[in-house]
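One structure below.
The values are calculated or read from the model by the stated rules, or taken from the named source; none is laboratory data. Only a predicted model underlies this, so the values are computations on that prediction, with no experimental measurement involved. FYI the Cβ positions are ideal-geometry reconstructions off the backbone, even for glycines, and counts take in every protein chain you see.
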Amino acid sequence: MVSPAEPPPLKPSPVSASVDFDAKGVQHGVLTLPWSRDDSAWGSVLIPITVIAGGPGPTALLVGGNHGDEYEGPIALYDLALALDPAEVTGRIILLPTLNAPAFAAGTRTSPIDGGNLNRAFPGRPDGTVTEKIADYVTRTLLPMADVVLDFHSGGKTLDFLPFCAAHILPDRPGAAEQEARAFELVEAFGAPYSVRMLEIDAEGMFDTTAEDMGKVFVTTELGGAGTARAETVEIARRGCRNLLIAAGVLNGTADPAPTRWLDMPDASCFVFSEEAGLIRFLVDLGAQVDTGQPVARIYPHGRTGQPPRDLRAGRSGRLVARHVPGLVKPGDCVAVVAAEIDS
Ligand SMILES: [Zn+2]
């Protein structure tokens, strides 16, 4: 009997950390990933990292800047890295405010080095592109240490969201019900104005999927967007992050709970796409209630006058949780997202 050939074992990661993950106290350091290029022959990509460890307890992995043009998470995490005292930490917090550091420095969603979308590059490769090497380090070094993961997102330069915290409806497998329930408890504890149960449409390659497949409790956010951060959404990120750490048993202190409304994103009917280019006029604003078939936006062809606009309609009833920015759309753009109300 010939057994099928095993794939060759993965090479070691080329990433090195200047922090000791087993040491107590606060350490601010960098992950170093060699990147040889025209302006720096033996240069590197540096990714900032903070490790804060107190007594024994669970480990939380907090990530911002998975996409480089989303700002609430990075602001909250730079702030937390300065503020946290190891005496109040029961366990360990590993904090990376700008995981895709090259994209963050460029202010772009994807990496300017290789065009890689980090949140579609998981589980990554140790011998792949720069983006794949970052994903591989997270998958094989950081995730095995983590019990709970919080990955901050916002809409970036092309979407604006009603601020929400979210977790996924997981595929049916042993342990998934408990893992999913724990994630939804932490979403509730985060206390964003809205909380969403998401069924991911395009889950392949996502950080979320890799972490969830490893049994980690994974929580994410969409807190705003439009290429900036607002005072309100930054405050939601700061307060929510602390609340989540307290609920996860990683941080001592008193939570600052806030009421949240639960929404469901169960299938592809939530997403409204444009098949045409044009000037977009929203007919409803973020947070509005819409009915199935209701026009939510109107696309005007702007090449000449006298052309009728095209209406884009909601595929389901619910609340408008995301809208396209800026004012021009291209064929294939997601222009709106409608989530269903849940009675919780
Ligand atoms: Zn994102």
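Things worth noting here:
- Hits in the stretch 72-83 (condition: more than 16 Å from the ligand (Cβ to nearest atom) and surrounded by fewer than 21 Cβ atoms within 10 Å (Cβ to Cβ)): 78, 79, 81, 82, 83
- Some residue of the stretch 301-316 being in a loop (DSSP other than H, G, I, E, B), closer than 23 Å to residue 222 by Cα and not aliphatic (A, V, I, L, M): yes
- Residue pairs meeting the criteria (Cβ under 6 Å; at least 6 apart or on separate chains; first charged (D, E, K, R), in the stretch 149-171; second not in a loop (DSSP other than H, G, I, E, B)): 151/63; 151/207; 151/220; 160/225; 160/323
- Of the numbered criteria (1) out of contact with any helix residue (DSSP H, G or I) (no Cβ under 8 Å at 6 or more places or on another chain); (2) within 20 Å of residue 241 (Cβ to Cβ); (3) among the hydrophobic types (A, V, I, L, M, F, W, C), the one residue 41 fails is (2).
- Answer from 180, 200 - the residue that is at pLDDT 95 or above and not polar (S, T, N, Q): 180
- Taken over the stretch 56-68, the criterion of being away from the ligand (no atom under 16 Å from the Cβ) and crowded, with 22+ Cβ neighbours inside 10 Å is satisfied by 60, 61.
- Restricting the first member to the stretch 241-267 and to residues that are without any contact (Cβ under 8 Å) to a residue 60 or more places away in the chain and within 24 Å of residue 97 (Cβ to Cβ), and the second to residues that are crowded, with 20+ Cβ neighbours inside 10 Å and not hydrophobic (A, V, I, L, M, F, W, C), the beta-carbon pairs closer than 8 Å and six or more apart or on different chains are 243/191.
- Restricted to the stretch 167-199, and to residues there that are within 16 Å of the ligand (Cβ to nearest atom), out of contact with any His (no Cβ under 9 Å at 6 or more places or on another chain) and not β-branched (Val, Ile, Thr), the residue that is nearest to residue 255 (Cα to Cα) is 192.
- The requirement of being surrounded by fewer than 19 Cβ atoms within 10 Å (Cβ to Cβ) and either touching a residue at least 40 places away in the same chain (Cβ under 8 Å) or hydrophobic (A, V, I, L, M, F, W, C) (or both) is satisfied by residue 284.
- Within the stretch 307-344, tally of residues that are over 20 Å from residue 275 (Cα atoms) and free of Cβ contacts under 8 Å to residues at least 12 places away in the same chain: 1
- Hey, residue 49 over 20 Å from residue 117 (Cβ atoms), within 16 Å of the ligand (Cβ to nearest atom), at pLDDT 95 or above and surrounded by fewer than 24 Cβ atoms within 10 Å (Cβ to Cβ) or not: no
- Only one of 48, 102, 74 that is closer than 22 Å to residue 14 by Cβ, part of a helix (DSSP H, G or I) and touching a Pro at 6+ places or on another chain (Cβ under 7 Å): 102
Residue-by-condition table, conditions (1) within 16 Å of the ligand (Cβ to nearest atom); (2) farther than 22 Å from residue 209 by Cβ:
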{"position": "45", "(1), (2)": "no, yes"}
{"position": "54", "(1), (2)": "no, yes"}
{"position": "70", "(1), (2)": "yes, no"}
{"position": "85", "(1), (2)": "no, yes"}
{"position": "106", "(1), (2)": "yes, yes"}
{"position": "110", "(1), (2)": "yes, no"}
{"position": "122", "(1), (2)": "yes, no"}
{"position": "128", "(1), (2)": "no, no"}
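- Set 131, 141: member being out of contact with any Cys (no Cβ under 8 Å at 6 or more places or on another chain) and surrounded by 22 or more Cβ atoms within 10 Å (Cβ to Cβ): 131
- If you check 303, 332, 315, 240 for being farther than 30 Å from residue 75 by Cα, touching a helix residue (DSSP H, G or I) at 6+ places or on another chain (Cβ under 6 Å) and not charged (D, E, K, R), only one passes: 315.
- For the stretch 146-193, filtered to residues that are out of contact with any Asp or Glu (no Cβ under 9 Å at 6 or more places or on another chain) and of a type in the set (Phe, Trp, Tyr), the residue that is nearest to residue 21 (Cα to Cα) is 190.
- Residue 213 of a type outside the set (Phe, Trp, Tyr), closer than 28 Å to residue 328 by Cα and under 25 Å from the mean Cα position of the chain (by Cα): no
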